């Protein structure tokens, strides 16, 4: 953002805050329902909250806080809350009113403001605090829909929820999210009912003598999820399973090409029309409906809205969902034994189907890209330097991870770190890059690590350039608490030893599960200190590092982590279907 744009943005923010302080509901409603877009949310989403406050802005923010604290008029109180959100994130604001008292014309915007957590975190404990705020907010919204039956109120609240909920930046906390998932699922199903989109079809009994299982798959578009779903289904017994791949009509061609070797049929769904899409799925008379995409993040994703309904006898999610879906209509969840802790069943509303070993097997569509010759000089890294690399996503990089990296760099003065955090599989737009990079640079500087030892590259068109970088790297640093998954396959294929930290929940154990399955337990750590110690030891012991590199190269030749799981998955699904049908009999 240039200085002129920043100045105009700050001026507009102050003007909006003054309107909010007036507390006139009709004027605030006009701002929120402007045909050009909600002015309050547009400002909030501009990134302006990441800018340090001037004295004038601090004064206006304090006025908003004072009105919010002492005012009794609900219009002025809610207006002040909206104004304060122009300067701060909601987890830092004490809400002094109940959801049920918000004027209905403002309710959708207020709900979205309540759900708007930061995209990244710069201080210890901020992510935990944001998650706690999000959980409390969802609990309040869930309660409000149960006690207030007024249709206009419920519609405004549910519209705000399904548009505003986003779990991406707070997945990283290594804690149970089951209660949050269940409440989210209830709210999504209430939204479907309100919009007359809920189907929950009563399916005809399955013919007992039919040897063929009709299975539909909701195909993802992201390359990582596509690789995961293909890794689960390649090798499926096609004499037993008749697979129908459902793809969104808006991207039918590219996505269909990824599943032509798995599916007997490809069906394009009109995803802009959820009811018509649901009807099209039901018309296929499916025994099983499996979704290969993440159902647990945002709410209006078409596959989420479809899997929330009963459209097949058995409905199944997999580890592309980082946690339980919470949906009563999702019956089973596929994961690996090594991915889950011993008491994992209590974290799922679904039946947990645990494959032997790790479930993180990936089969990329098309030909594997060939890495091109690359030199350290082309990367801006001295030949004599030790090169650390991480593809940890922007949303996974928090203060604890950055501090670990800075400690490693501090202990090894010749080390450089190269990051590629803007993975297009997560989002196509990263609007807060500058602030994010300034944060990492400041943390490194605090430990005396020069900024010229940090290198960041943009998203690449394919994996080829990444493999080229990893072939000249010395170590790969995985993310924690939320671990890598498909991203770990690249350093393994390139022979670059990855350092990983094993957590408690499944999403924080993926990389560890992969390494344990292929016999690289020695690269798995259990604490932040051990992570730093192992990385530092390998950087400073060239013979040990060479030994680890050779071990990884041996594994890469075997490519055990890319072997498909279709045969095992087929057996588990057939058994789960039989159990479900048996349990549903009168």
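The values are calculated or read from the model by the stated rules, or taken from the named source; none is laboratory data. All of these numbers come straight from a predicted model, not from anything done at the bench. Methodologically, a virtual Cβ is constructed for each residue, glycine included, from the backbone with ideal geometry; neighbour enumeration extends over all protein chains shown.
So if I check each of 386, 354, which one is assigned by TED's automatic domain parsing to the domain that holds residue 574 and either closer than 17 Å to residue 454 by Cβ or without any contact (Cβ under 8 Å) to a residue 40 or more places away in the chain (or both)? Within the list 386, 354, the selection yields 354. Among the residues making up region 67-92, those that are outside any helix (DSSP H, G or I) and free of Cβ contacts under 8 Å to residues at least 40 places away in the same chain are 72, 88.
Test of understanding: among 512, 583, which residue is assigned to a helix (DSSP H, G or I) and surrounded by 16 or more Cβ atoms within 10 Å (Cβ to Cβ)? Talk me through it step by step, then tell me what you get.
Values: 583 fails: surrounded by 16 or more Cβ atoms within 10 Å (Cβ to Cβ).
Going through 512, 583 in turn, the sole match is 512.
Put simply, of 519, 503 the only residue that is modelled with pLDDT of 95 or more, farther than 30 Å from residue 287 by Cα and part of a loop (DSSP other than H, G, I, E, B) is 503. Of all residues in region 455-471, those satisfying the criterion of being closer than 17 Å to residue 381 by Cβ and outside any loop (DSSP other than H, G, I, E, B) are 455, 456, 465, 466, 467, 468, 469, 470, 471. Among residues that are in contact with a helix residue (DSSP H, G or I) (Cβ under 7 Å, 6 or more places away or on another chain) and free of Cβ contacts under 8 Å to residues at least 60 places away in the same chain, residue 571 is not included. Taken together, 523, 538 contain a single residue that is crowded, with 22+ Cβ neighbours inside 10 Å, touching a residue at least 12 places away in the same chain (Cβ under 8 Å) and over 26 Å from the mean Cα position of the chain (by Cα), which is 538.
Among the residues of region 281-311, the one identified as more than 28 Å from residue 426 (Cβ to Cβ) and free of Cβ contacts under 8 Å to residues at least 24 places away in the same chain is 283.
For region 93-143, filtering for residues that are in contact with a helix residue (DSSP H, G or I) (Cβ under 8 Å, 6 or more places away or on another chain) and part of a helix (DSSP H, G or I) leaves 29. Scanning region 301-326 for residues that are within 23 Å of residue 172 (Cβ to Cβ) and assigned to a loop (DSSP other than H, G, I, E, B) turns up 301, 319, 320, 321, 322, 323, 324, 325, 326. Answer yes if at least one residue in region 117-124 is surrounded by 22 or more Cβ atoms within 10 Å (Cβ to Cβ) and within 17 Å of residue 23 (Cα to Cα), and no otherwise. Looking through region 117-124, none of the residues is surrounded by 22 or more Cβ atoms within 10 Å (Cβ to Cβ) and within 17 Å of residue 23 (Cα to Cα). For residue 453, which of the numbered conditions (1) without any contact (Cβ under 8 Å) to a residue 40 or more places away in the chain; (2) farther than 19 Å from residue 127 by Cβ fails to hold? Result: residue 453 passes all but (1).
Here the condition is being touching a helix residue (DSSP H, G or I) at 6+ places or on another chain (Cβ under 6 Å) and without any contact (Cβ under 8 Å) to a residue 60 or more places away in the chain; of 481, 564, 491, 498, it holds for 498 alone.
Results for (1) in contact with a strand residue (DSSP E or B) (Cβ under 8 Å, 6 or more places away or on another chain); (2) farther than 25 Å from residue 432 by Cα; (3) buried (at least 16 other Cβ atoms within 10 Å of the Cβ), shown as yes or no for each residue.
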| residue | (1), (2), (3) |
| --- | --- |
| 72 | no, yes, no |
| 76 | no, yes, yes |
| 82 | no, no, yes |
| 85 | no, no, yes |
| 109 | no, no, yes |
| 134 | no, no, yes |
| 146 | no, yes, no |
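Looking only at residues in region 541-564 that are modelled with pLDDT under 95 and not in a helix (DSSP H, G or I), the one that is surrounded by the most Cβ atoms within 10 Å (Cβ to Cβ) is 564.
Take the conditions at positive phi and either in the same structural domain as residue 485 (by TED's automatic domain parsing) or over 25 Å from the mean Cα position of the chain (by Cα) (or both) and apply them to residue 326. Does it pass? Step through it out loud before you land on a result.
Details: at positive phi: yes; either in the same structural domain as residue 485 (by TED's automatic domain parsing) or over 25 Å from the mean Cα position of the chain (by Cα) (or both): no.
Against the criterion (at positive phi and either in the same structural domain as residue 485 (by TED's automatic domain parsing) or over 25 Å from the mean Cα position of the chain (by Cα) (or both)), residue 326 does not qualify.
Of the candidates 317, 308, the single residue that is surrounded by 23 or more Cβ atoms within 10 Å (Cβ to Cβ), touching a strand residue (DSSP E or B) at 6+ places or on another chain (Cβ under 6 Å) and assigned by TED's automatic domain parsing to the domain that holds residue 357 is 317.
Checking the stated criteria, residue 468 turns out not to satisfy the condition of being touching a helix residue (DSSP H, G or I) at 6+ places or on another chain (Cβ under 7 Å) and in contact (Cβ under 8 Å) with a residue 12 or more places away in the chain. Looking at region 332-450, the strands (runs of 3 or more DSSP E) lying wholly inside it that each contain 2 or more residues that are under 18 Å from the mean Cα position of the chain (by Cα) and surrounded by 15 or more Cβ atoms within 10 Å (Cβ to Cβ) sit at 332-336.
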